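The values are calculated or read from the model by the stated rules, or taken from the named source; none is laboratory data. Values in this document were obtained by computation on a predicted structure and should not be read as measured data. Neighbour counts are summed over all protein chains in view; Cβ atoms, including those assigned to glycine, are modelled from backbone coordinates with ideal geometry.
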Amino acid sequence: MLKVTNLHAEVDGKEILKGLSLEVPAGEVHAIMGPNGAGKSTLSYVLTGRDGYEVTGGTATLDGEDLLALAPDVRAARGVFLSFQYPLEIPGVPALTFIRTALNAQRRARGEAEITAPAFLKLAREKAQALKIDFDMLKRALNVGFSGGEKKRMEILQMAMLSPRFLILDETDSGLDIDALRIVSDGVNALRGPDRAMLVITHYQRLLDYIKPDRVHVLAGGRIVASGGPELAHELEANGYERYEQAA
Amino acid sequence: MSLTSAIRDRDVAQLPSRRDEDWRWTDLRGLIRILPQPSPPFAGDPGAGVFDPLATQVVTLANGRGEAVIYVPAGETAWVALRILSQGDGAHAARVSITLADGARLHLFETYEGEGGYVAQTSLALTLGEGAGVERIVLAADSAGGVSISQAEVTLSPKSEFAQTVLTCGGRRQRIETRVAHPGGHASLRLDGVYLLADKAHADLTTVVTHAGVDGLTEQLTKGVVRDQARGVFQGRIVVREGADRTDAKMGHHALILSDRAEVDAKPELEIYADDVACAHGNTVGALDEDAMFYARQRGMPEADARALLTEAFVGQVIDRIDHNEARDLVRGWAAERLRP
Ligand SMILES: Nc1ncnc2c1ncn2[C@@H]1O[C@H](COP(=O)(O)OP(=O)(O)OP(=O)(O)O)[C@@H](O)[C@H]1O
Ligand SMILES: [Mg+2]
């Protein structure tokens, strides 16, 4: 599915990713943990094509296709979805309008027919209910005035509706209360499947009790410095990053 | 110094120029070297207007011909589509006079429709009796080669309501000017505008409101989106005369510039000579929020679609303030057409 090899990337002329390699096969969930400022969000922006994140070396492919050559919206249509660490507010655009526009744009890009209005509303109601989001909230301008936790839930709702193949969750657990964490995790787990893969960025082992990873990686100093099974997350929780930061 | 007399006398010396403070961003003298011949009569059938279905009366002024006198008697309501048509490369001026008796109501749907390289001037005088109400919606679709100046003088009475939304896509040089004499006395005024400019279009939305009495309300919101080499001008002046206490006036102007070569010139002015007033104004000119653009594109929207969605939402906040439901939908469609790829 995703294959990243020796990736180097700069922001404002400063190298942040310094030879990062990572492979996430289809059907697997990989967690990325690492200290603040290690480059976790940078990796998620590089993979999704944000302006200002300049790749200076290495490759990233999705199912063998060069991801880095594609425009952000084309990557999205291929199934790449990022749940933002800090979701944006979109004044004046109701959440439903935003999601419908996105969904139809993806469908057009894939040569599929647009979704009908009734089918879209039915889907939205169903997904909102599963995520315990009040449907009326979807009529409000997306994320404007939403609480931190509500914004994160809205990210997962968008994910559920767009049904992506490669999911990147950047600290989706931060800002969520205990109940919301469970609901959101259920939503994420519902998207697990043999044709999908996920990259879950988190600071807390707790999320990984709900979304069980196949592999855990430590990102420090712009590289993956250690990888292991789920037990690695427990080890990090107990001992911190000190020894990895030295390695980096 | 006016365009009307310049056209009448075919005398460019009477055109406003950049030396006139009020016209420095919409210079006509420097643009028009020779005033063209008077426009011939309008040729052919102009077809139906966009607002015709909403109106009980359609008034058409074509190439300056005809004088429109509209009177709404006390207590009555009228729905008038006012079409101002320009065709060809001549010069012409049109006059419109609208009077509302006490308590009368008018929905005025005004359109500017042009074809050619004309020089056109339109004078409107609107007078509202006590407790009268007007919602004026203007869709200005002048031709890219046309010079068009619309000048409205609005006189309010106590307890009257005047609400205006002007939408324009500009012209070779275009100005839509509204001057309001506000007596206070719980009269309320809303003056909104939207300019959507591309290529080399120029649009100037100028408003002057003079509060002369106590307890007056004025609300203004103008938004613009300019791209290519287009130029938007907003001049908003609110004068609160001595003694016009308890005036409540708000003015907002916000513009998005989508290209390096586009330009927006804004001059919001509050001149306050009374003591007890609540006045506020806000003015921002900037680029489209790049973070929001990336967010939309990450969700799958191509750049042009994402830009259309965000700019439609931006000006939508002005369009939302239109009272008349069908007109609001129509206007929203008109704006969307000009923002979509
Ligand atoms: N625009 C920028 N200009 C300069 N440095 C930047 C810019 N954006 C990010 N950085 C730097 O890049 C580094 C990596 O940031 P990034 O957001 O990827 O970290 P992170 O691992 O996601 O951290 P956190 O756990 O706090 O979310 C940081 O040192 C940050 O200060
Ligand atoms: Mg981060």
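Looking at (1) away from ligand 2 (no atom under 16 Å from the Cβ); (2) within 10 Å of chain B (Cβ to nearest Cβ); (3) surrounded by 22 or more Cβ atoms within 10 Å (Cβ to Cβ), which one does A:L67 not meet, given that it meets all the others?
Every listed condition holds for A:L67 apart from (2).
Report, by residue number, each residue of region A:184-207 that is away from ligand 1 (no atom under 16 Å from the Cβ), assigned to a helix (DSSP H, G or I) and buried (at least 18 other Cβ atoms within 10 Å of the Cβ).
Of everything in region A:184-207, those that are away from ligand 1 (no atom under 16 Å from the Cβ), assigned to a helix (DSSP H, G or I) and buried (at least 18 other Cβ atoms within 10 Å of the Cβ) turn out to be A:V184, A:S185, A:G187, A:V188.
Among all residue pairs at least 6 apart or on different chains, which show Cβ distances below 7 Å where the first residue, located in region A:189-215, is away from chain B (no Cβ under 14 Å) and the second is among the basic types (K, R) and more than 16 Å from ligand 1 (Cβ to nearest atom)?
Within 7 Å, the pairs are A:D195/A:R165; A:R196/A:R165; A:Y210/A:R182.
Condition (residue is away from ligand 1 (no atom under 14 Å from the Cβ), out of contact with any Leu (no Cβ under 7 Å at 6 or more places or on another chain), over 30 Å from B:T311 (Cα atoms) and not basic (K, R)) applied to region A:65-72: is it met by at least one residue?
yes
Yes/no per residue for (1) farther than 21 Å from B:Q174 by Cα; (2) touching a Leu at 6+ places or on another chain (Cβ under 8 Å); (3) surrounded by 15 or more Cβ atoms within 10 Å (Cβ to Cβ):
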{"position": "B:L3", "(1), (2), (3)": "no, yes, yes"}
{"position": "B:W23", "(1), (2), (3)": "no, no, yes"}
{"position": "B:P46", "(1), (2), (3)": "yes, yes, no"}
{"position": "B:G75", "(1), (2), (3)": "yes, no, no"}
{"position": "B:S86", "(1), (2), (3)": "no, no, yes"}
{"position": "B:L100", "(1), (2), (3)": "yes, yes, yes"}
{"position": "B:T111", "(1), (2), (3)": "no, yes, yes"}
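Give region A:88-128 a look and list any residue that's on the phi < 0 side of the Ramachandran plot, within 8 Å of chain B (Cβ to nearest Cβ), more than 16 Å from ligand 1 (Cβ to nearest atom) and not hydroxyl-bearing (S, T, Y), or say none.
Hits for region A:88-128 are A:E89, A:I90, A:P91, A:V93, A:F98, A:I99, A:A102, A:L103, A:A105, A:Q106, A:A109.
Taking region A:12-57, which residues are modelled with pLDDT under 95 and away from ligand 1 (no atom under 13 Å from the Cβ)?
none
So A:L142 clears everything in (1) within 16 Å of ligand 1 (Cβ to nearest atom); (2) within 22 Å of B:L309 (Cβ to Cβ) except one condition, right? Which one?
(1)
Only one of B:A306, B:A274 is more than 7 Å from chain A (Cβ to nearest Cβ), over 24 Å from the mean Cα position of the chain (by Cα) and buried (at least 22 other Cβ atoms within 10 Å of the Cβ); which? Show your work before the answer.
Values: B:A274 fails: buried (at least 22 other Cβ atoms within 10 Å of the Cβ).
One residue alone meets the criteria, B:A306.
Would you tally the residues in region B:240-251 being closer than 30 Å to B:C169 by Cβ and surrounded by fewer than 23 Cβ atoms within 10 Å (Cβ to Cβ)?
Here is the first cut: in region B:240-251, the residues closer than 30 Å to B:C169 by Cβ are B:249-251.
If we keep only those that are surrounded by fewer than 23 Cβ atoms within 10 Å (Cβ to Cβ) too, we end up with B:250.
Number satisfying all stated conditions: 1.
For the condition among the aliphatic types (A, V, I, L, M) and at pLDDT 95 or above, what is the one hit in B:V50, B:V12? Step through it out loud before you land on a result.
Working: B:V12 fails: at pLDDT 95 or above.
Going through B:V50, B:V12 in turn, just one is among the aliphatic types (A, V, I, L, M) and at pLDDT 95 or above: B:V50.
Could you tell me which numbered condition A:P72 fails, if it satisfies all but one of (1) in contact with a helix residue (DSSP H, G or I) (Cβ under 7 Å, 6 or more places away or on another chain); (2) within 14 Å of chain B (Cβ to nearest Cβ); (3) closer than 24 Å to A:E150 by Cα?
That leaves (3) as the condition not met.
Quick check, is A:A9 in contact (Cβ under 8 Å) with a residue 24 or more places away in the chain, away from chain B (no Cβ under 14 Å) and more than 10 Å from ligand 1 (Cβ to nearest atom)?
Taking the combined requirement at face value, the residue does not satisfy it.
Failed condition for A:Q85, given (1) out of contact with any helix residue (DSSP H, G or I) (no Cβ under 7 Å at 6 or more places or on another chain); (2) within 9 Å of ligand 1 (Cβ to nearest atom); (3) within 13 Å of chain B (Cβ to nearest Cβ), with all others met?
Every listed condition holds for A:Q85 apart from (1).
Would you mind finding the one in A:A141, A:A190, A:A160 that is among the small types (G, A, S) and over 19 Å from A:L82 (Cα atoms)?
Exactly one residue qualifies, and that residue is A:A141.
What do you reckon, is A:L62 more than 8 Å from every other protein chain (Cβ to nearest Cβ) and crowded, with 19+ Cβ neighbours inside 10 Å?
yes
Checking B:S160 against (1) crowded, with 24+ Cβ neighbours inside 10 Å; (2) hydroxyl-bearing (S, T, Y); (3) closer than 25 Å to B:G66 by Cα, only one condition comes out false. Which one?
In the conditions (1) crowded, with 24+ Cβ neighbours inside 10 Å; (2) hydroxyl-bearing (S, T, Y); (3) closer than 25 Å to B:G66 by Cα, B:S160 misses (3) alone.
Suppose we filter B:V69, B:V12, B:V59 for residues that are assigned by TED's automatic domain parsing to the domain that holds B:R172, of a type in the set (V, I, T) and under 23 Å from B:E115 (Cα atoms); which single one remains?
After ruling out the rest, the residue left standing is B:V59.
Looking for whichever is within 16 Å of ligand 2 (Cβ to nearest atom), out of contact with any Ser or Thr (no Cβ under 8 Å at 6 or more places or on another chain) and more than 10 Å from chain B (Cβ to nearest Cβ) here; the options are A:V46, A:V29, A:V24. Which one fits?
Being within 16 Å of ligand 2 (Cβ to nearest atom), out of contact with any Ser or Thr (no Cβ under 8 Å at 6 or more places or on another chain) and more than 10 Å from chain B (Cβ to nearest Cβ) holds for just one of A:V46, A:V29, A:V24, which is A:V46.
Do you know which residues across region B:228-277 are out of contact with any Leu (no Cβ under 7 Å at 6 or more places or on another chain), acidic (D, E) and part of a strand (DSSP E or B)?
B:E263, B:D265, B:E269, B:E271
Looking at B:T284, is it more than 14 Å from chain A (Cβ to nearest Cβ) and polar (S, T, N, Q)?
For B:T284, the condition - more than 14 Å from chain A (Cβ to nearest Cβ) and polar (S, T, N, Q) - is not met.
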